[in-house]
1. Quick one: 3J(HN,Hα) in Hz for segment 164-171, Karplus 6.51/-1.76/1.60 with θ = phi - 60°, rounded, Gly and Pro as x.
2. Would you report the distance distribution of C-alpha pairs in the chain as whole percents per 5 angstrom bin, up to the bin with the largest distance?
3. What is the order of Thr219, Thr45, Thr213, fewest Cβ neighbours within 10 Å to most?
4. What is the sum of charges around Lys51, taking Lys and Arg as +1, Asp and Glu as -1, for the other residues whose C-beta is under 10 Å from the C-beta of Lys51?
5. Counting DSSP beta bridges with both partners in the chain, what percentage is antiparallel, nearest 5?
6. Ranking Ser223, Ser137, Ser188, Ser113 by Cβ neighbours within 10 Å, fewest first, what do you get?
7. In the neighborhood of Ile98, defined by Cβ-to-Cβ distances under 15 Å, what is the net charge if each Lys or Arg adds +1 and each Asp or Glu adds -1?
8. Over segment 143-233, what is the relative contact order in whole percent, taking alpha-carbon pairs under 8 Å and six or more residues apart?
Amino acid sequence: MKDNISEEEVRKFNKLALEWWDLDGSFSALHALNPLRFNYIKNWTELKNKKCLDIGCGGGILTESLSKYANHVDALDMSSEAISVAQNHQELMAIKNITYHQNNLESFVEVTSEQYDVLTCMEMLEHVPSPEKIIESSSKAVKVGGHLFISTINRNIKSYFMAIIGAEYILKLLPQGTHEFDSFIKPSEIEKWSRNYGLNLIDLAGVIYNPITKTFKLTDDVSVNYMMCLRKE
Ligand code: SAH
């Protein structure tokens, strides 16, 4: 189970790590998206006094938001550079209730007996060889009645043009080469894997970018970017 890691993806994120907290840098889209996804999470679950696990946390953009409400946040990423940037930023912000781990989910669930109230796996599934294995391990890490939040990119002709050609080459919202079309995932695929591991779909919402206002908003259209709320039954 230790090999659900793409060395190439991790290398890519290691190279960009110093830009994690640059609001105009390679991760500016994640900064713009963060308030929307954080509100989405708070809309579907209570965070106060809860134990959270952020999977593929990068430099800690969402992790730090979660830490404002949660009792404690454990956060995992395979990029050692991202983890070190996240830890430095945590220190800068004097945040006490986050523990960063340079690890992947599959190995982490083998060594921890903890189960979490809330799992978040944002913009990460499309960077691993087997997203299904992440769903399987997430189901082990989440308590019965707890929630898993996912965001990723759909796989169809429109998402190819919008998320790769549009976002990387025309709007230059993301660095070129950020995403591979074949790694995109249909909501129905996630739903099927999730059901097999005891996670039920509670909500599916589309996310759309407005290049004029440079903001994201929710939409019924899930054909490109989307978020999901799942609950362990
Ligand atoms: N979730 C964060 C970062 C998304 S970028 C956010 O939305 O703000 C995707 C992150 O997944 C990168 O930091 C990358 O290093 C990490 N990643 C890629 N493969 C991984 C794996 N197998 N296990 C854990 N993290 C991984």
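Taken together, the values in this text are just the output of simple stated rules run on the coordinates, not laboratory data. Here the structure is a predicted model, which means the values were calculated and not measured. So basically every Cβ, Gly included, is an ideal-geometry build from the backbone, and we count neighbours across all protein chains shown.
1. Going residue by residue, I get 9, 5, x, 6, 8, 9, 9, 7 Hz, with x marking Gly and Pro.
2. The calculated distribution, bin by bin, is 1, 7, 15, 20, 22, 19, 12, 4, 1, 0.
3. Working: Thr219 14, Thr45 18, Thr213 9.
Going from sparsest to densest Cβ surroundings: Thr213, Thr219, Thr45.
4. Residues near Lys51 contribute -1 overall.
5. 50 percent
6. Working: Ser223 18, Ser137 22, Ser188 11, Ser113 5.
Least to most surrounded, the residues fall as Ser113, Ser188, Ser223, Ser137.
7. With Lys, Arg at +1 and Asp, Glu at -1, the neighbours total -2.
8. Rounded, it is 42 percent for segment 143-233.
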